[in-house]
1. What does the charge count around L16 come to, taking other residues whose C-beta lies under 11 Å from its C-beta (Lys +1, Arg +1, Asp -1, Glu -1)?
2. For the range 14-74, state which trypsin sites (Lys or Arg not before Pro) are in a DSSP loop and have at most 13 other beta carbons lying within 10 Å of their beta carbon.
3. List the GluC sites (Glu not before Pro) in the chain that DSSP assigns to loop (not H, G, I, E or B) and whose Cβ has at most 16 other Cβ atoms within 10 Å. Which are they?
4. Relative contact order for the chain using alpha-carbon pairs under 8 Å, separation at least 6, rounded to a whole percent?
5. Please say if the chain is rounded, prolate or oblate, where rounded means a/c under 1.5 for a ≥ b ≥ c the square roots of the C-alpha gyration tensor eigenvalues, and otherwise the choice is prolate for a/b larger than b/c and oblate otherwise?
6. For the chain, set up a Gaussian network in which alpha carbons nearer than 10 Å are linked by springs, and say which option among G46, G55, G31 fluctuates the most.
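Each reported figure results from applying straightforward, stated rules to the coordinates on display, with no laboratory input. The structure presented is a predicted model; accordingly, all values stated were derived computationally and were not measured. Here the Cβ positions follow ideal geometry from the backbone for every residue, glycine too, while neighbour counts run over all protein chains shown.
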Amino acid sequence: MDKQQLKEGAIIIYRLRPDQLPTNPDRLWTGRIIKVFPERANIESGVVVKLLDSGYEEDTEVVTLRQIVRVIGS
């Protein structure tokens, strides 16, 4: 994945982390990036997304780079 694609407004497809205890670990989630945060000492870079999946449209979530399956675009 090209980190240059990770910008506000871009849409990503991702999986939940194991520590989020997903009922279906293979389920793919969709979100629009609302904030990008860079990698810092001891903190993995990632993004904050607003979910686009039906029933979750008002939710936001932090997504790390390891969770991202692909970037669709903006």
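1. Values: positive: R15, R17, R27; negative: D19, D26, E61.
Here the charged neighbours net out to 0.
2. Details: sites: R15, R27, R32, K35, R40, K50, R66, R70; in loops: R15, R27.
Qualifying residues, ordered by number: R27.
3. Working: sites: E8, E39, E44, E57, E58, E61; in loops: E8, E39, E44, E57, E58.
Passing sites in the chain are E8, E39, E44, E57, E58.
4. Details: 145 pairs, mean separation 26.9, N = 74.
Over the chain, the number comes to 36 percent.
5. On the way: a/c = 1.61, a/b = 1.18, b/c = 1.36.
Oblate, because a/c is 1.5 or more while a/b does not exceed b/c.
6. G55
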